Amino acid sequence: MNNDQELEDLYDRYIKNNLSYEELQYFLQQLKQPENEQLFNRLMDNTWAETGKQKETSQVSSGAVINMPSQKTPRSFLPRWAVAAAIMLMIASGAIYFLLTRTNTKGLAAIHDDQKEHNAIQPGGDKAKLLFDDGTAIVLDTAKNGIVTQANGIVVTKSGDGKMAYVARENNNQIHFGTMITPRGGQYQLTLADGSKAWLNAASSIKFPSAFTGKAREVEITGEVYFEVAKNKDMPFKVKANGVLIEVLGTHFNVNAYQDEAAIKTTLLEGSVRVMKRETVPAKPEAKENSIILKPGEQAIAAGHSPFTIDHSPDIDQVMSWKEGTFRFKDTDIKAIMREAARWYDVEVVYAGEINKSFTGVFSKNIGITDFLKFLEETQSLRFKIEGRKITVIP
């Protein structure tokens with residue numbers, strides 16, 4: 001067996017968590033060697049592509065965290081959190097390194113002795129509040145399944161697993177508006193009056209009517225929302241998101257419009273959408289710089305007052321990872337990673353110095369904040385300090 005074949009075999013068994021302690025140490029040393037960089041780049045690209053093809057990607061990532069055998073199992077030599085990050089990578093200074101694990105970790109560099117404080121920072125879940133136009137509100141995560149309310153001719157039904165439907169009763173001609181809001185650390189699914197579905201990520205909102213009337217079906221969002229729109233060629237579906245207006249007939253698409261991100265990104269999965277700058281509607285929506293039509297697999301990027309740009313091959317798996325229950329990063333800047341973490345874990349993030357690092361990896365969103373930070377800390381010379389719900393990133 002030549003050296004490349006040996007390393008490929010070690011790589012395969014590393015991914016499957018089937019290395020002895022001695023083999024693991026040898027494998028990690030080989031990862032650092034410049035002459036092996038091209039081989040490991042190719043192996044990781046293959047792994048990345050394969051996980052993207054498989055429908056079970058999120059299940060594999062999630063299962064690695066939830067169902068990982070304990071360290072008492074003879075063939076499990078990695079800590080639980082390290083095994084969960086079996087394909088975690090770090091890209092820095094042009095070189096690729098896998099997660100450098102240790103069998104006897106001390107945990108976070110600046111973690112306090114009181115582990116209860118940090119264990120209290122758990123991952124997000126199905127949480128949302130529904131606001132009515134009369135000022136009343138319902139906390140959906142504590143409401144029982146079934147009909148939640150029938151006030152003002154509106155029927156609100158919760159079906160469990162973070163799902164809610166909001167429709168007007170038959171023969172009710174009065175239109176009411178509802179607003180669903182997910183907090184930091186929350187997510188929820190909504191079925192609209194026309195059968196369209198919306199999935200809200202953490203720290204997001206959607207305002208919608210009890211029934212769609214007139215020439216268009218209109219909703220307004222903040223944060224990040226994925227839509228599966230019921231087809232109706234006679235009534236376009238329009239989404240207002242900060243400075244962008246998206247118009248569709250029936251399609252699947254994702255809108256990322258967080259205020260703390262540099263651009264609004266609309267990603268089309270199937271169908272067709274037209275994305276416009278709202279300040280130009282109805283002035284000159286047909287102008288190229290003001291309006292763009294996407295094809296499936298494309299992403300429109302609106303940054304401030306600049307013209308639209310199109311990404312013709314965005315990483316759809318990465319875009320949709322939040323809905324599938326995973327963190328998926330590819331050459332992602334540490335600050336972008338921590339913005340996503342802040343929304344999901346409901347924490348404040350500050351920096352003790354300038355940090356310019358990028359990471360690549362796939363792992364479950366069901367892990368706690370301590371495990372999440374260990375992933376990052378163990379791949380590079382980063383340290384984290386946790387004080388309540390405040391996390392300081394130390395270069």
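The values are calculated or read from the model by the stated rules, or taken from the named source; none is laboratory data. Quick caveat: nothing in here was measured; it's all calculated off a predicted structure. In this analysis, Cβ positions are derived from the backbone assuming ideal geometry, glycine residues included, and neighbour counts consider all displayed protein chains.
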*Take segment 220-238 and flag every residue that is closer than 15 Å to A193 by Cα and surrounded by 22 or more Cβ atoms within 10 Å (Cβ to Cβ).*
F227, V229, F237
*What's the number of the condition N172 fails, among (1) modelled with pLDDT of 95 or more; (2) surrounded by fewer than 20 Cβ atoms within 10 Å (Cβ to Cβ); (3) of a type outside the set (D, E, K, R)?*
(1)
*Counting just the residues of segment 299-341 that are under 15 Å from the mean Cα position of the chain (by Cα) and among the hydroxyl-bearing types (S, T, Y), which one comes out nearest to G185 (Cα to Cα)?*
T326
*Take the residues of segment 347-376 that are under 25 Å from G125 (Cβ atoms) and acidic (D, E): which is modelled with the highest pLDDT?*
E348
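To keep it simple, each residue is scored yes or no on (1) farther than 22 Å from V244 by Cα; (2) at pLDDT 90 or above; (3) assigned by TED's automatic domain parsing to the domain that holds V347; (4) not aliphatic (A, V, I, L, M).
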{"residue": "V275", "(1), (2), (3), (4)": "no, yes, no, no"}
{"residue": "R278", "(1), (2), (3), (4)": "no, no, no, yes"}
{"residue": "N290", "(1), (2), (3), (4)": "no, no, no, yes"}
{"residue": "I301", "(1), (2), (3), (4)": "no, yes, no, no"}
{"residue": "G304", "(1), (2), (3), (4)": "no, no, no, yes"}
{"residue": "H312", "(1), (2), (3), (4)": "no, yes, no, yes"}
_Would you confirm, using the coordinates I've provided, whether K144 is more than 20 Å from L245 (Cβ to Cβ), free of Cβ contacts under 8 Å to residues at least 40 places away in the same chain and not assigned by TED's automatic domain parsing to the domain that holds I369?_
yes
*Out of all the residues in segment 362-391, which are among the basic types (K, R) and within 20 Å of the chain's Cα centre (by Cα)?*
K365, K374
*Close pairs (9 angstrom Cβ cut-off, 6 or more residues apart or separate chains): polar (S, T, N, Q) in segment 6-33, modelled with pLDDT under 75 and assigned to a helix (DSSP H, G or I) anywhere*: N17/A64; N17/V83
